[in-house]
Amino acid sequence: MTIAERHKLILDKLNTEGFVGVAELSKEMDVTMVTVRKDLKLLEDKGLLYRSHGSATPVSPYVNDRPVNEKKLVQVDEKEKIAALAAKMIQEDEAVIIGSGTTVLALAKAIPKNMKLTVLTGAMNVTMALMDYQHIEVVQLGGVVRKSSSSVVGHFAEDMLASFACSKLFLGVDGVSPEFGLTTSNMMEAHLNSKMIRSVQKTIILADSSKFRKKGFGKICEVDDIDIIITDRGIPESYKADLEERGIEVLIAN
């Protein structure tokens, strides 16, 4: 196999699978891992991929903090379908936690207006979305306001969590990585989210497929700490298989 053929194979696999590993490429192309690493470096130098610890992705996995008004314009259809499926998992008279972010805001709007429910949230836009729901009692966490996410963070919010027991947590994230875990772009929000996970019986992640292969600055938890991920058809098949092997239920919103 020539170098051009190897590079084409690598780029084709990235295009279809969204991820390649050095060891797997070495076996498939029948070359040494040193050769594969050199190939990946050449392709990275051309701006065709991004290398990271024995693997490569089409783009940089690292994400920066972006305002919620900017995020709400991305993957809109996918987020609404994910939210609709998540809303079906909420039962009458439950007490649930809803995190912050555009996908969980869509969830709040998808909850049936006649449902009797208690919602605990740090997201002020989620609270405002539920203001007209006569049968939903909203408990708003207090703390330092993050304007970019319209939510609160800090020890006041974390201390409040200790006073409540909820059945489910619906959480949005900025990144999902089987190796690194679940992340968000703000470390204080990540810490609050990790506290939320400890306060519930079941953690449900709402993440459109663009969040896979991404990493935010603040780590929330390991992948094994969650129960369910709701996403769309764009999830890489390798990620879906890996998550299911770990015992995590992966639901695809259509």
Write down the Kirkwood hydrodynamic radius of segment 141-254, to one decimal in angstroms, obtained as one divided by the mean of 1/r over all alpha carbon pairs. 14.4
Write down the radius of gyration of the chain and its Dmax, each obtained from C-alpha positions, in Å. 19.9, 67
Could you tell me the accessible area of Thr16 in Å² (1.4 Å probe, neighbours in place), rounded to the nearest ten? 110
Note on the chain: contact order normalised by length, alpha-carbon pairs under 8 Å, 6 or more apart, percent, works out to 16
Expected field for Met29, accessible surface area in Å² at 1.4 Å probe radius, rounded to 10, holds 10
Tell me the relative contact order for segment 199-254 as a rounded percent, counting alpha carbon contacts under 8 Å between residues six or more apart. 39
For the chain, give the share of DSSP beta bridges that are antiparallel, in percent and rounded to the nearest 5; count only bridges with both residues there. 35
What's the extension gain from Asp30 to Lys116 if we count 0.36 nm per residue and subtract their Cα-Cα distance? 24.9 nm
In nm, spacing of pseudo-spin labels at Gln134 and Ala4 (7 Å Cα→C-beta vector): 7.3
May I ask for the equivalent-ellipsoid semi-axes of segment 159-217, computed as the square root of five times each C-alpha gyration tensor eigenvalue and listed largest first in whole Å? 22, 13, 8
Might you report the magnitude of the Cβ-based charge dipole of segment 94-164 about its Cα centre, with Lys and Arg at +1 and Asp and Glu at -1, to the nearest 20 debye? 260
Please state, to two decimals, what the Cα-based radius of gyration of segment 73-130 comes to when divided by 2.2 N^0.38 Å (N = residues). 1.05
Sequence order, segment 17-28: Karplus ³J(HN,Hα) from phi using 6.51 cos²θ - 1.76 cosθ + 1.60, θ = phi - 60°, Hz rounded, Gly and Pro as x, gives 10, x, 6, 9, x, 4, 4, 5, 5, 4, 5, 5
Determine, at each q value in 0.16, 0.18, 0.29 (inverse angstroms), the log₁₀ of I(q)/I(0) that the Debye formula gives when each Cα of segment 123-173 is one equal point scatterer. -0.53, -0.67, -1.30
Report the charge-dipole magnitude of the chain in Debye, nearest 20, computed about the Cα centre from +1 at each Lys and Arg Cβ and -1 at each Asp and Glu Cβ. 580
Got a number for the accessible area of Tyr133? Probe 1.4 Å, square angstrom, nearest 10. 10
So how strong a dipole does segment 177-234 carry about its Cα centre when Lys and Arg Cβ are +1 and Asp and Glu Cβ are -1, to the nearest 20 debye? 140
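Taking every pair of Cα atoms in segment 69-208, average 1/r, invert it to obtain the Kirkwood radius, and report Rg/Rh to two decimals.
Reported Rg/Rh, Kirkwood definition of Rh: 0.93.
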Considering the Cα positions of segment 215-254, please state its Rg to one decimal place and its Dmax as a whole number of Å. 10.8, 30
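The values are calculated or read from the model by the stated rules, or taken from the named source; none is laboratory data. In this text, all values refer to a predicted model and were calculated from it rather than measured experimentally. Every residue, glycine among them, receives a Cβ derived from its backbone with ideal geometry; neighbour counts consider all protein chains shown. Heavy atoms of the whole protein, side chains included, go into the accessibility calculation; ligands, DNA and RNA do not. Shrake-Rupley method; radii C 1.70, N 1.55, O 1.52, S 1.80 Å.
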